[in-house]
Structures are given as structure tokens and as C-alpha cells.
Amino acid sequence: MTRFIVMRLLTIVPIMFGVSFFVFILAHLAPGDVTTTLTGPYATEETREQIRESLGLNEPLPVQYGKWLSHILQGEFGKSIANRRMVAELIFPKFANSAILALTSAAMAYVIGLFAGIFAASRPYGYFDRFTIAGTLMFGSIPPYWFGLLLVLLFSLTWRWLPATGMTKIVGGGGPIDVILHLILPTIAAGAAPAAIIARTVRATMLEILSQNYIKVARAKGIRRGVILRKHALRNALPPIATICGLQLGYLLGGVLFVEVIFAWPGIGYQLWQAIQARDIPTIQGASLIIAVAFVLVNLAVDVFNAYTDPKIRISEGVRSR
Amino acid sequence: MSDAVLKVDDLRTHFRLRAGTLKAVDGLSFELQAGRVLCIVGESGSGKSVTAQSIMRLIMPPGRIVQGGITFRDQDLLALTEREMEDLRGNRIGMIFQDPMTSLNPVFTIGEQIVETIVAHTSLSGEDARARAVELMRLVGIPEPEGRLSDYPHQFSGGMRQRVLIAIAIACEPDILIADEPTTALDVTIQAQILRLLSDVQKKLGSAMILITHDLGVVSAMADEVLVMYSGRMVEYGDVKTIFRNPRHPYTQGLLDSIIKLDDSRESELRSISGLPPIPIDPPPGCAFRDRCVKAFDLCGEQDPPWVETGTGSTAVCHAVAAEEAAP
Amino acid sequence: MTDAPSLHGESLRQRSAAELRRENLHIMWRTLTLAWHAYAKDKAAVGALIFLVIVVLIAILAPWISPHDPTEAVGTRGGLPGTDGLVLGGDMDGRDMLSRLFWGGRVSLLIGVVPTVAATAIAVVLGLFAGYVGGWVDQVVMRVLDVFFAFPLVLLAIVIAGILDPGVATLILSITVALVPYISRLVRTTTVSVKQEPYIEAARAGGATTPTILARYVLPNMLAPVIVYSTTLIGLMMVVGSGLSFLGLGIQPPDADWGTMVSDGRAVLKKAPHATAFPGFVIVIVSLAFSFVGDGLRDALDPRARVR
Ligand SMILES: Nc1ncnc2c1ncn2[C@@H]1O[C@H](COP(=O)(O)OP(=O)(O)OP(=O)(O)O)[C@@H](O)[C@H]1O
Ligand code: SF4
Ligand SMILES: [Mg+2]
């Protein structure tokens with residue numbers, strides 16, 4: 001088990017190198033002079049020269065990458081072009097805001113997805129199953145930006161029940177009630193698609209497992225239907241369910257950019273979008289890097305969880321070897 | 001016969017598929033006496049497993065028991081609620097499946113899986129149930145049972161897993177044991193051991209047993225009665241000695257001929273008659289065996305063959321046998 | 001005596017090769033007809049296919065069948081459906097919604113289809129290569145793909161498109177790049193599993209060269225799952241592509257696709273909700289139609305599913 005975790009941890013090292021290189025090279029992919037990209041169009045020639053100097057732009061690419069990486073590792077993402085603040089200062093709080101929205105959306109998606117998926121699979125092709133299939137199809141292909149706007153149209157503009165935008169400061173704003181009210185619509189908009197995807201996956205996985213021989217054996221043993229579903233089937237369905245739940249949480253942590261844009265939620269996705277509009281490359285780099293790191297870590301956690309729940313891996317280096 | 005533990009009467013189990021209605025079992029009747037062994041034989045796809053699972057009411061959609069009666073002691077199994085059926089399964093009727101490699105839940109220990117059955121059907125719990133599990137494991141020949149209680153299925157070989165599954169099936173000393181090709185997936189060397197074990201526990205418990213097999217050698221060694229199936233239908237049914245000595249149905253005759261010729265029980269699989277059985281999707285009227293039958297005549301393609309109680313003591317479903325019986 | 005068997009063997013092999021080819025063609029034809037019959041049984045899939053054909057035709061014929069110039073104001077700003085003689089009303093600038101939807105379909109369909117097709121082509125080559133060659137080549141390719149898997153797909157596309165200059169070409173490029181890893185992984189997995197089949201070993205023992213094996217055995221076995229997967233992706237990529245347009249990374253005003261139309265509608269969301277509702281609705285149903293077609297294809301191409 002420990003061995004598995006160590007091995008799995010080691011695999012993320014090359015991935016993180018690759019990710020950082022990709023993010024580094026983004027600045028060079030951008031059309032135009034790198035100094036323009038990094039300092040903005042209004043920088044003086046002096047500043048440009050400074051940048052060239054400090055980044056060692058006259059040096060070979062690998063050297064530049066090494067320097068850049070060592071800065072990143074010290075938490076220095078550079079300076080934002082758009083508002084002259086340090087990128088790290090800018091993005092970490094934004095990431096925390098995204099995490100709040102991600103967690104509420106994920107909670108909603110998990111509850112709806114799991115219940116719908118399990119119930120649907122327990123009576124395949126019954127009414128609830130058909131309803132679930134239709135729902136997952138619908139919400140699985142509904143564009144989040146459009147769905148978000150519909151919610152705003154109905155709940156904010158027409159009925160005036162809930163605020164759409166205006167969440168600028170999470171901490172020290174209008175207090176917890178205000179935060180919750182501002183969270184409702186974005187949560188629904190962001191959680192709908194993951195809920196559909198999770199429901200679909202849970203249903204398919206449960207159906208697959210319910211068709212296994214050991215389920216037939218459990219039924220032949222006279223185990224109650226509900227127990228078979230909750231204990232025998234669900235326990236085996238856990239790894240794929242954990243995987244899809246982790247994946248969805250990963251997406252959500254990346255900031256459901258569209259939802260953040262529509263609701264002006266001050267998260268990392270919204271920040272990324274603003275940075276893109278301002279062609280603020282250091283911020284784009286910082287934001288994508290932090291999102292990728294979060295994504296990789298969530299997937300790592302899922303893998304460890306799955307390894308832990310799999311007896312074949314858990315006791316692979318067990319005391320007994322028969 | 002009043003001491004029949006199980007009566008199956010005109011059982012029909014169909015699957016509704018896109019391609020049509022697959023009549024996996026279509027008109028099957030037999031009786032099982034206490035303490036006796038009934039072997040069901042037939043080629044792959046002839047409906048043996050579906051029969052066994054119908055008795056246990058394990059058939060799932062798109063399959064359904066569309067007609068027939070299944071009477072266990074004095075209970076009509078088809079009239080029971082699912083709850084009542086659950087109380088019976090694994091308790092009064094135990095079942096062993098074909099593939100031990102996939103029949104145990106990979107994420108639970110062997111002990112948990114045996115104990116679960118005991119707890120479900122008896123008042124035993126905790127330590128007592130575990131002690132009973134150890135006793136059962138010893139009974140089915142698993143060495144050092146105490147130590148293996150907390151092992152997972154993947155730490156067991158195929159033969160050992162089948163022993164565990166037998167232990168589960170007999171945990172509540174059932175009245176009927178249904179074994180669906182319990183040795184097909186195992187090494188040849190292990191097959192005999194498992195069959196001997198089954199035979200031993202069946203005698204010890206005094207249960208009746210339905211043993212499904214491909215192997216006529218096994219039939220002759222273990223069966224009291226035999227039922228031959230073909231393409232979902234019953235072909236011939238009766239006392240094993242009677243049928244082996246004097247097979248009446250052309251299909252049974254073909255099967256037995258092929259063993260006598262080869263005279264090697266290992267080769268006595270049911271493949272020796274040339275051709276393949278039809279898949280009974282929306283089958284036309286007539287005998288399903290007619291394309292391969294040496295005695296087929298016009299009537300065989302027009303009407304379903306009748307049930308004939310033969311003078312020799314078996315029941316055969318065949319036009320030719322009917323004609324033979326009618327002749328003086 | 002020494003020559004005869006080899007000569008005989010030669011002619012036998014030649015004949016069997018020709019026969020084999022004919023047989024192969026026959027099998028392919030049979031498979032296709034079988035698949036089509038299976039597909040035709042699925043009413044939702046057939047309906048979706050017909051719907052898509054109509055949508056594509058409308059998009060192609062947009063210049064001739066649009067009632068108005070899509071970029072010219074012909075009615076009141078945000079006119080509701082029916083006003084000014086516009087069936088679906090006007091947008092925020094009073095341009096005809098219907099004509100804009102017709103024209104917008106051109107770009108929206110393009111950004112669904114082109115990246116998926118391009119990514120599939122690239123992925124087939126990449127995945128086949130990695131999977132068949134195996135060893136360190138496979139390792140390197142897979143590790144590089146892993147880097148891309150570290151980003152959520154939509155985000156990767158947004159970042160790439162955001163760095164480059166906005167436009168349809170950028171959109172197509174960025175979605176293609178984001179998509180290649182996913183399809184490659186499928187191609188590689190299938191290739192590796194096909195490679196281990198005994199008949200591949202037999203073919204190699206029979207002297208078949210690598211290209212022959214790839215073209216004759218591996219590719220056909222891999223194509224069905226890949227086509228199914230890609231078809232399902234088209235709808236999704238349309239949603240993603242329209243999303244990028246929504247963010248302003250795609251086609252630039254005054255031209256529009258369905259995504260930019262949703263975005264434009266925001267300005268008049270309360271006064272003229274139809275300007276947002278219609279294009280979004282079209283995205284949903286066209287994307288749904290693609291997934292129905294994908295599901296139909298899966299059932300038709302998977303022999304296990306065919307019986308049921
Ligand atoms: N769940 C199912 N769905 C559809 N058809 C089924 C199902 N189960 C069984 N069948 C069909 O019913 C027929 C009888 O199957 P069954 O498993 O009873 O055969 P069998 O005699 O046990 O064969 P074998 O010796 O291979 O185990 C077959 O044609 C099979 O395809
Ligand atoms: S009914 Fe006819 S075809 Fe069928 S077994 Fe008897 S003789 Fe043969
Ligand atoms: Mg069977």
C-alpha cells in the first residue's frame with residue numbers, strides 16, 4: 001500500500017514538470033514580442049530591456065525555463081500586467097473563492113448524481129430510470145453559460161428571488177447569509193452538468209456490476225434486495241464512482257469559468273477570463289498552473305482512495321503470501 | 001408421489017429480445033424426490049441454467065417466467081413475494097454456479113461471505129456464526145479454515161473457491177441443492193474431487209440435488225433420474241438406469257451411442273451428434289430436433305411432438321416414439 | 001516431387017489471398033448492412049440523423065434561404081418574435097434572429113465537426129504508432145499525453161485560444177489540441193488489446209508486414225469504437241466551441257455563431273429573453289442529436305448489443 005502511494009506520487013513528478021513547461025511555453029506561443037506579452041503594450045523600451053535581462057531572454061530556452069521554474073517554486077509567478085500586483089497575491093484568494101463554489105456545486109452534484117444513478121439502476125427501464133436517462137441527456141449537453149443565463153433570467157430578473165451578480169468580497173462582505181444567497185444560482189448552474197455526468201456513470205456502473213456473477217450468487221444466498229444494492233453492488237462500484245466524482249471536482253476546482261463569468265463570481269476562472277481579455281500572460285500562466293496542480297492532486301487522492309479500497313492492492317505486500 | 005420436494009409443471013421462461021421472443025425454457029415438467037439426484041443434461045444453450053435460475057426465481061428482465069408451476073414442498077414458489085422468496089433462497093434451496101472465479105464478491109473476505117448467509121437465515125450471529133463458518137469450511141475440505149476466514153477471494157484457487165461456494169450453499173442444510181455445471185470451469189484433476197465432495201455433502205445432509213452437466217459419465221455415476229433437454233424443450237425424462245439401458249428418444253439414443261462408440265467418459269460430451277441446436281427465437285411449430293434427427297418424418301415439421309409415457313418406463317417427447325408405442 | 005508441393009502451395013496461397021480479399025469485402029459489406037439494419041431499428045437515432053441532415057443543409061444553404069442579411073438591422077432592437085415580420089424576432093441590434101441562426105450554424109457546426117475529425121485523424125496515427133510500437137516510444141507518447149490530461153479539457157482549449165489571436169481558426173486549433181489526448185488514449189488502448197490477439201501473431205508468423213497488419217487487422221478493429229466515441233464528441237465540442245465563442249475567443253462581430261449569439265443576448269436579457277434562449281436551445285438540441293447518433297452507432301457497431 002505504502003509502496004503504491006509512493007509509486008503513484010512519483011508519477012506526478014514528470015507530469016508536473018511537463019505541465020510547468022507547457023505553461024512556461026505559453027508566453028512564447030503568444031503572438032508578438034515576448035516582452036510585450038509580459039509587460040503589456042505600453043511598457044517603455046527600458047522596462048522591456050529589464051525584462052529581457054531578468055528573464056534571460058537572450059539565453060537558450062532550457063536555461064530560461066530553469067530560471068522561471070525556480071521562481072515559480074518560490075511562489076513567484078511574476079507581476080500581473082493588468083493591475084500591477086503580484087500574480088500570486090492575485091490568484092490564491094481567487095482560488096479560495098473558486099473552491100467555495102466548487103465544493104457547494106460538487107456537493108449538489110454528488111447527492112443528486114448518486115441518488116439518481118443508484119435508484120435508476122435499481123429498477124432498469126422503469127419510470128424513474130427513464131426520467132433519469134432523459135435528465136442526464138438534457139443536462140449533460142446543456143451549455144453551462146446558457147443554463148446560467150436562464151437561471152438569472154428566471155430567478156433574478158423575472159421573479160427577483162435571488163441575486164445574480166455582485167459577489168465581490170467573500171470575506172468581510174455582506175455576511176454569511178449574503179454569501180449563501182449569492183451562491184445558490186451559481187451552484188445550480190455549475191453543478192447541473194456534473195450531476196448529470198455522475199448520475200449517468202453511477203447508473204452504468206451499477207448496472208454493469210448488478211449483472212456480475214457474484215450478485216447472482218448473493219441473490220441465490222437469499223440476501224435482501226436492498227442489501228445487495230447498498231452493500232454488494234455499491235461497494236464494488238466505489239472505484240469508478242470515486243474516479244468520476246474526483247474528476248468532476250477537479251473540473252469544478254478549475255473554476256467553472258463560464259459560471260464565474262456569468263455570475264461575476266470572483267474566482268480563478270473569472271480571473272483567468274479577465275486576464276485573457278487583458279492579454280495578461282503572467283496571470284494566465286499562474287492561473288492555469290494552479291488549476292492544473294489542483295486537478296492533478298484531486299486525481300491523485302482518488303487513486304489512493306481506490307487503492308485503499310481494493311483488497312488486491314491493499315494487501316499486496318501483506319504478511320501472508322499464499 | 002407425495003414425498004416430492006420439488007414439482008415443476010410445464011415451466012416456460014422466455015426472454016423478450018429485439019430479435020424476438022427467445023423461448024429459453026418452453027414446457028418442462030419434472031419431480032424431485034427427497035434425497036435423490038436429478039441430472040439435467042443438454043448442449044450449450046439448451047436452457048439448463050435458465051431452468052435452474054427459474055426454480056430459484058433469479059430470472060431478470062428481459063427474461064420472465066411466463067407460465068408453469070413450481071411447487072416446493074407445499075408452497076407455490078411463483079406465488080411467493082420477493083421477500084418470502086429471499087427467505088427461502090440459500091436457506092431451503094442452495095445453489096452452486098458454474099464459474100467459481102467470478103462467483104465471489106472480490107471486495108469481501110471469504111469469512112464475511114459465508115457468515116452473511118448464516119446470519120441471513122439463522123439466529124446465529126457474531127462469534128457463533130463465525131464458528132459455524134469455520135465448521136463449514138472444514139466440512140468442504142478447506143485446510144486451516146480459521147486462518148483463511150479473513151482472506152479475500154483472489155487469494156484462493158478456483159477449486160478452493162468452489163469449495164467456499166459449496167460451503168455457502170449448504171450453510172443452512174437446504175432441502176434442495178442445485179449445482180449448475182459446478183466443475184466445468186475447473187481443472188480436470190479438481191473436477192472429480194469437487195463432484196465427490198458434492199455427492200458426500202448431499203448424502204450427509206439428505207438433500208435432494210439437481211445436478212446440471214454436459215458429461216454423461218457424471219450422469220451415470222451420480223444420477224438417480226435424468227432429464228435431457230434440447231433447445232429449451234424436454235426431450236426425455238426418467239430413471240437413469242432405464243434411460244441408459246433403453247433410450248427411446250432419437251436424441252438420447254444418439255448421445256448414448258456416441259459414448260458407447262468412444263467408450264471414454266472424458267469424450268462423452270454432447271457434441272458428437274452432427275450439427276448445432278437452433279436458438280429458440282420465435283421457434284416454428286414442430287420438433288426442434290428435426291433437422292438433425294435420423295427418424296424425422298412429415299409430422300415432425302408440423303406439430304409439436306407429444307409427451308409419451310413409454311412402455312419401458314421413461315417419458316419421451318417425440319412423434320416417432322408415439323408411433324412406436326401406438327403400434328402393437 | 002520436390003517442386004510440386006511448393007508450386008502447389010504457391011498457387012494455393014495466391015488463390016486464397018484473392019479469395020480472402022473477396023471474402024473480406026463481403027464480410028465488410030455484410031457488417032455494414034447489418035450495422036445499418038441495427039441502426040435503422042433505433043428510432044431516436046434515425047430521427048436525430050435526419051434532423052442533423054436538415055440542420056447541415058440549412059447551414060449550407062444559409063445565403064439563399066435566409067430571409068435577411070444577418071448583419072443588418074431590419075427591425076427594432078430586441079423585437080420579440082413576430083414583430084417587424086421577423087418570425088423569431090430581432091436581436092439586440094434589431095438584426096433578424098432567424099437569419100443569424102441560419103448563418104451561425106455554419107460556424108457552430110464547423111467548430112463541432114472540424115476539430116473532432118482533425119483530432120481523430122491525428123489521434124489514430126499517434127495512438128496506433130504508440131500502441132503498436134510499444135516500449136519506450138509508447139511510454140514517451142503516453143507521458144506527454146499525461147501532461148495534457150492534467151488540464152481540464154475546456155480549460156486547456158480556453159487557455160490556448162486565449163493566448164492566440166481570436167478567430168475561428170484559433171478556436172478549431174485549440175479544441176483540436178485539447179481533444180487529441182483523449183482520442184489517442186482510446187486508440188492506443190484498443191491497439192494494444194488487438195495486438196495481443198492470437199490472429200495477429202498468426203498473421204505475423206505468416207509473413208505479413210507491419211503496415212499490412214496495421215491496415216488489415218488493427219485499424220478495422222479499432223475503428224468502430226473510435227468512430228462511436230468521436231461522433232459522441234462532436235456534440236460536446238459544439239458546446240465547448242460555442243462556449244469559447246461566448247467568451248469572445250472565436251468569430252468576431254458582426255458575424256456570429258450560436259455561442260456569440262447567446263453572449264450578445266445577455267445585453268438585452270430581460271427585455272428580449274428570446275435573443276438568448278433561441279440560440280442556446282439550438283445548441284442543446286443539435287448537440288443532443290449528435291449524442292443520439294453516437295448512441296445509435298454504438299449499438300449498431302457493437303455486436304453484443306445487436307441481439308437485444
Ligand atoms: N439474460 C439472458 N438474456 C438473454 N438470453 C438469455 C439470457 N440468459 C440465457 N439466455 C438464453 O437462453 C438460452 C438458454 O441459456 P442457458 O444459459 O440456460 O443454456 P445452458 O443450457 O445453461 O448452456 P451452457 O451449457 O452453455 O451453460 C440461450 O440461448 C441463452 O442465450
Ligand atoms: S419428433 Fe420427429 S424430429 Fe423430433 S425427435 Fe422425434 S422423430 Fe425426431
Ligand atoms: Mg449453463
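Per-structure values
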| item | result |
| --- | --- |
| Index of the failed condition, B:Asp3 passing every other in (1) at positive phi; (2) more than 9 Å from chain A (Cβ to nearest Cβ); (3) more than 13 Å from the chain's Cα centre (by Cα) | (1) |
| From C:Thr116, C:Thr170, residue being within 14 Å of chain A (Cβ to nearest Cβ) and touching a residue at least 60 places away in the same chain (Cβ under 8 Å) | C:Thr170 |
| Leading residue by the ranking (farthest from ligand 2 (Cβ to nearest atom)) among those in the stretch B:169-189 that are within 12 Å of chain A (Cβ to nearest Cβ) and open to solvent by 10 Å² or more (accessible area, probe 1.4 Å) | B:Cys172 |
| Flag if B:Val107 is in contact with a Ser or Thr (Cβ under 8 Å, 6 or more places away or on another chain), at negative phi, within 13 Å of another protein chain (Cβ to nearest Cβ) and more than 16 Å from ligand 3 (Cβ to nearest atom) | yes |
| Qualifying residue in the stretch C:65-85 (condition: open to solvent by less than 20 Å² (accessible area, probe 1.4 Å), out of contact with any Gly (no Cβ under 8 Å at 6 or more places or on another chain) and assigned to a helix (DSSP H, G or I)) | no |
| Residue list for the stretch B:114-146, filter: out of contact with any Lys or Arg (no Cβ under 9 Å at 6 or more places or on another chain) and closer than 19 Å to A:His232 by Cα | B:Val119 |
| Filter result for the condition that a residue is in a strand (DSSP E or B) and within 13 Å of another protein chain (Cβ to nearest Cβ), over B:Leu22, B:Leu11 | B:Leu22 |
| Helices (runs of 4 or more DSSP H) wholly inside the stretch A:227-308 that include at least 3 residues being on the phi < 0 side of the Ramachandran plot, at pLDDT 90 or above and more than 12 Å from chain C (Cβ to nearest Cβ) | A:234-253 |
| Some residue of the stretch B:146-153 being more than 8 Å from every other protein chain (Cβ to nearest Cβ) and polar (S, T, N, Q) | yes |
| Where B:Met101 falls short, out of the listed (1) more than 14 Å from chain A (Cβ to nearest Cβ); (2) open to solvent by 60 Å² or more (accessible area, probe 1.4 Å); (3) within 24 Å of B:Thr213 (Cβ to Cβ) | (1) |
| Count - residues of the stretch B:28-54 that are more than 14 Å from every other protein chain (Cβ to nearest Cβ) and either away from ligand 1 (no atom under 14 Å from the Cβ) or part of a loop (DSSP other than H, G, I, E, B) (or both) | 15 |
| Unmet requirement for B:Asp215, which otherwise passes all of (1) over 13 Å from B:Ile40 (Cβ atoms); (2) open to solvent by 10 Å² or more (accessible area, probe 1.4 Å) | (1) |
| Filter pass, A:Ala120 being more than 14 Å from chain C (Cβ to nearest Cβ) and either part of a helix (DSSP H, G or I) or in contact with a Lys or Arg (Cβ under 7 Å, 6 or more places away or on another chain) (or both) | yes |
| Residue match in the stretch B:233-246 (condition: more than 14 Å from every other protein chain (Cβ to nearest Cβ), in a helix (DSSP H, G or I), modelled with pLDDT under 95 and within 16 Å of ligand 1 (Cβ to nearest atom)) | no |
| C:Val53 being open to solvent by less than 60 Å² (accessible area, probe 1.4 Å) and either small (Gly, Ala, Ser) or at pLDDT 90 or above (or both) | no |
| Positions within the stretch A:142-156 being open to solvent by less than 10 Å² (accessible area, probe 1.4 Å) and within 8 Å of chain C (Cβ to nearest Cβ), in sequence order | A:Pro143, A:Tyr145, A:Leu149 |
| All positions within the stretch B:59-96 that are within 16 Å of ligand 3 (Cβ to nearest atom) and open to solvent by less than 60 Å² (accessible area, probe 1.4 Å) | B:Ile59, B:Gly63, B:Met95, B:Ile96 |
| Residue among C:Ala300, C:Ala305, C:Ala277 that is open to solvent by 20 Å² or more (accessible area, probe 1.4 Å), at pLDDT below 85, more than 16 Å from ligand 3 (Cβ to nearest atom) and part of a helix (DSSP H, G or I) | C:Ala305 |
| Filter pass, C:Thr210 being polar (S, T, N, Q) and open to solvent by less than 60 Å² (accessible area, probe 1.4 Å) | no |
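The values are calculated or read from the model by the stated rules, or taken from the named source; none is laboratory data. These numbers were taken from a predicted model, which means no experiment stands behind them. Backbone-built Cβ (ideal geometry, glycine too); neighbour counts: all protein chains shown. Please note that ligands, DNA and RNA were not included when accessible areas were found on the heavy atoms of the full protein model with its side chains. Shrake-Rupley method; radii C 1.70, N 1.55, O 1.52, S 1.80 Å.
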